[in-house]
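Notes follow the structure.
The values are calculated or read from the model by the stated rules, or taken from the named source; none is laboratory data. Quick caveat: nothing in here was measured; it's all calculated off a predicted structure. Glycine gets a Cβ as well: all are built from the backbone with ideal geometry, and neighbour counts include every protein chain shown. Please note that ligands, DNA and RNA were not included when accessible areas were found on the heavy atoms of the full protein model with its side chains. Shrake-Rupley method; radii C 1.70, N 1.55, O 1.52, S 1.80 Å.
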Amino acid sequence: MSNSAASIFEAQNKWQAAYHAIEQCADSSKQPFRTIFKSLYIEELTDWQVAAKVQYSDSIYSDLKHYALCQFADTIDT
């Protein structure tokens, strides 16, 4: 297998792991972590657009995003 093919497979595995971790994140009205990730990284919305989408103020959204990142980190490690 060539180096470029190996690199493609490695990148694909990393993306699959990240997507799987996002899918494992909570997604409720009080913990819209999956919605935050999909909105930011798949739909490519801005933070203020995502805050409006999940219907939270900027400051609460900032906290939610932080918790989402922590949950993602915990999930991707396992």
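Among the protein heavy atoms, those of Thr35 account for about 40 Å² of accessible surface (1.4 Å probe, every chain in place).
Stokes-Einstein diffusion for the chain at 4 °C, viscosity 1.567 mPa s, with a Kirkwood radius from C-alpha pairs, works out to 96 µm²/s.
Largest GNM mean-square fluctuation among Asp63, Asp47, Asp27, using the chain with Cα springs under 10 Å: Asp63. Only helices enter the 222 nm calculation for the chain: every DSSP H run of n ≥ 4 contributes -39,500 (n - 2.57), and dividing by all residues gives -22000 deg cm²/dmol, rounded to 500.
Relative to the longest principal axis of the Cα atoms of the chain, helix 3-24 runs at roughly 30 degrees.
Note on the chain: with neighbouring protein chains present and a 1.4 Å probe, carbon and sulfur make up 54 percent of its accessible heavy-atom surface.
Please report the net charge: other residues with Cβ closer than 13 Å to the Cβ of Glu23, K and R +1, D and E -1. Net charge in that neighbourhood comes out at +1.
To the nearest ten degrees, helix 58-77 and the longest principal axis of the Cα atoms of the chain are 30 degrees apart. Build a GNM of the chain with springs between Cα atoms under 10 Å apart, and of Ile22, Ile42, Ile60 the one that fluctuates most is Ile42. Among Gln55, Gln31, Gln12, which one shows the biggest mean-square fluctuation in a GNM of the chain, springs joining Cα atoms closer than 10 Å? Sorting by GNM fluctuation, first place goes to Gln12. Summing Lys and Arg as +1 and Asp and Glu as -1 over all other residues whose Cβ lies under 11 Å from the Cβ of Lys38 gives a net charge of -2. Cross-link candidates for Lys38: which aspartates and glutamates have Cα within less than 14 Å, leaving aside residues fewer than 8 places away along the same chain? Here the aspartates and glutamates satisfying the reach criterion relative to Lys38 are Glu23, Asp27, Asp47. Per residue, the chain exposes 71 Å² of solvent-accessible protein surface, assessed with a 1.4 angstrom probe and all protein chains in place.
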